[in-house]
Amino acid sequence: MMTAKEYVESLRRLKTRVYLFGEKIDNWVDHPMIRPSINCVAMTYALAQDPRYEDLMTAVSNLTGHRINRFTHLHQSTEDLVKKVRMQRLLGQKTASCFQRCVGMDAFNAVFSTTYEVDERHGTRYHNNLVDFLIMIQERDLTVDGAMTDPKGDRSLPPHKQDDPDLFVHVVERRPDGIVVCGAKCHQTGSVNSHWHLFMPTMAMGENDRDWAISFACPADAEGLYMIYGRQSCDTRKLEDGCIDTGNTKFGGQEALVVLDHVFIPSEYIFLNGEYEFAGMLVERFAGYHRQSYGGCKVGVGDVVIGAAALAAEYNGVEKASHIKDKLVEMTHLNETLYSCGIACSCEGCPTKAGNYQIDLLLANVCKQNVTRFPYEIVRLAEDIAGGLMVTMPGEKDFSSDTVVGSGGETIGEICGKYFAGRPGVSARDRQKLMRFLENVCLGSAAVGYRTESLHGAGSPQAQRVVIARQGDMRGKKELAKRIAGIGN
Ligand code: SF4
Ligand code: FE
């Protein structure tokens, strides 16, 4: 397995093409707006080296028998599924951000089981391709971006009816040794920080969408592939001197637009190529795994938010107020409810035909549906406890300024220190750090990961409601009612 340092160095060796603010960024690894997101992924490598976390962070590969990072593992049991969620909670606690590496893990678990069933029906050899690909990923301990979301253009039209065929990733040329693809994937988490991308269709498809019903892997620096970096709220604070105003200097999330401009994909990296009737299965399985994931990662970030709110109360001297205690209980209740859903859909998992384990689809969708709501309430309560200071406090440069403003010769820094100190023993600087952290996670760049991603990541709320409606067994429930009520006897 790679160390965190080796992971960062491995990114430098790639010829990944990244554009930010309209320009190509050559040394993107050290770019102050990008580096925090790399540090987050690096944490998935660092913790795997820590003996305290070996059981959570590593697993034994069913493909090679070697010990591997759990982020490259095919889940072999419900215990593996539970450990995955616990690992994600741990990483959320350590970074208070999105650590990005889960999408690849969720993608190849879904592609593994789906390709098995495609091959069974069509006599193709996609499953072998995926196994060979995955052994390479496991042995080299690489990070994979799971790429699903197409731009989609006019949402009322299927891929083949769009004015611009590139609005869904598709095949533009078939060659004896592979395919050439065009299109793009939107808001791709961790895509710049990945070694490989694993592309999947974004929705169920019909017969006329064959050219769009494709799944394949390609290296992050493949010829014709480039990425345009997505902005986050308050992201340019990372370009300022100092480290307090960012709120979380070290860690952050990342999304980018991944563009495929006539990229050649050799046959051995193709996992679906026109078998349109399996597109829906692949989407549903990937989405299910990623909706389970949110019952871990968002809970870990929630732990940090709750801790920060409790500290803010202490710094203000109000921690004994009954309404504050009650708000912290409510936040904990909401957070642990999300965790319960993540654990429940894992415990109720079952083996696929291919042998890896899949979560309970209904419970995973209920998990994610709750995630679309509860972090918002947790953030509301955190803001309530923190007070307005989290959005009105002067900046780091004011706190360290030695410009004289007071009649007694006090500097701006001293005045800030005097008026923003909390209860005795709590420095204004510590309070400033805490307020900026809460600002970051509730409203700033980390809010992408904790709030808006909670809503739209792994599918927007309505996508879960569609699955809940399908999986909810309404007919069975009606039968239960009829039987007890004696209807139809
Ligand atoms: Fe992982 Fe959560 Fe980020 Fe998805 S949102 S990649 S599950 S940390
Ligand atoms: Fe996500």
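Laboratory data are not the source of any read-out in this text; all were calculated from the coordinates shown. Since the structure is predicted, the reported quantities are computational estimates derived from the model, not experimental observations. With ideal geometry, Cβ positions are generated from the backbone for all residues, glycine too; neighbour counts draw on all protein chains shown.
Computed from Cα positions, the angle between helix 102-122 and the longest principal axis of the chain comes to roughly 10 degrees. Counted by neighbouring Cβ atoms within 10 Å, the residues Lys477, Lys397 run from fewest to most as Lys477, Lys397.
Note on Lys397: lysines with a C-alpha under 16 Å away, same-chain residues under 8 apart excluded, are Lys238, Lys418, Lys433.
Annotation: aspartates and glutamates with alpha-carbon distance below 13 angstrom to Lys327 (same-chain offsets under eight excluded): Glu319, Glu377, Glu383, Asp384. Semi-axes of the equivalent ellipsoid of the chain are 41, 29, 21 Å, computed as sqrt(5λ) over the eigenvalues of the C-alpha gyration tensor in descending order. Structural size metrics of segment 381-489, computed from C-alpha coordinates, are Rg and Dmax of 26.6, 92 Å. With a threshold of 25 Å on the Cα-Cα distance, the over-threshold entries among Lys5/Lys250; Lys15/Lys185; Lys83/Lys152; Lys298/Lys320; Lys83/Lys477 are Lys83/Lys152; Lys298/Lys320; Lys83/Lys477. The Cα atoms of segment 108-165 give a gyration tensor whose axes a ≥ b ≥ c have a/c of 1.5 or more with a/b no greater than b/c, which makes the shape oblate.
Per-residue 3J(HN,Hα) values for segment 236-245, derived from phi via the Karplus relation 6.51 cos²θ - 1.76 cosθ + 1.60 with θ = phi - 60°, read 6, 4, 5, 8, 7, 5, x, 9, 8, 5 Hz in sequence order (x marks Gly and Pro). Run the Debye formula on the Cα coordinates of segment 327-401, all scatterers equal and no solvent, and tell me log10 I(q)/I(0) at q = 0.13, 0.20 1/Å. Once normalised to I(0) and log-transformed, intensities are -0.58, -0.86.
The overall shape of segment 286-346 is prolate: from the C-alpha gyration tensor, with semi-axes ordered a ≥ b ≥ c, the ratio a/c is 1.5 or greater and a/b exceeds b/c.
What the phi angles of segment 177-194 give under the Karplus curve with 6.51, -1.76 and 1.60, with θ = phi - 60°, is a coupling list of 9, x, 10, 10, 10, 9, x, 7, 10, 8, 5, 7, 4, x, 5, 5, 8, 9 Hz, glycine and proline written as x.
Antiparallel beta bridges, as assigned by DSSP with both residues in the chain, represent about 85 percent of the total such bridges. Each residue, Lys250 and Ser460, gets one label point 7 Å from its Cα in the Cβ direction; the gap between the two is 3.7 nm.
Once you sort the root eigenvalues of the Cα gyration tensor of segment 143-189 as a ≥ b ≥ c, which label holds: rounded (a/c under 1.5), prolate (a/b larger than b/c) or oblate (the other case)? Oblate is the answer for segment 143-189, as a/c is 1.5 or above yet b/c matches or exceeds a/b.
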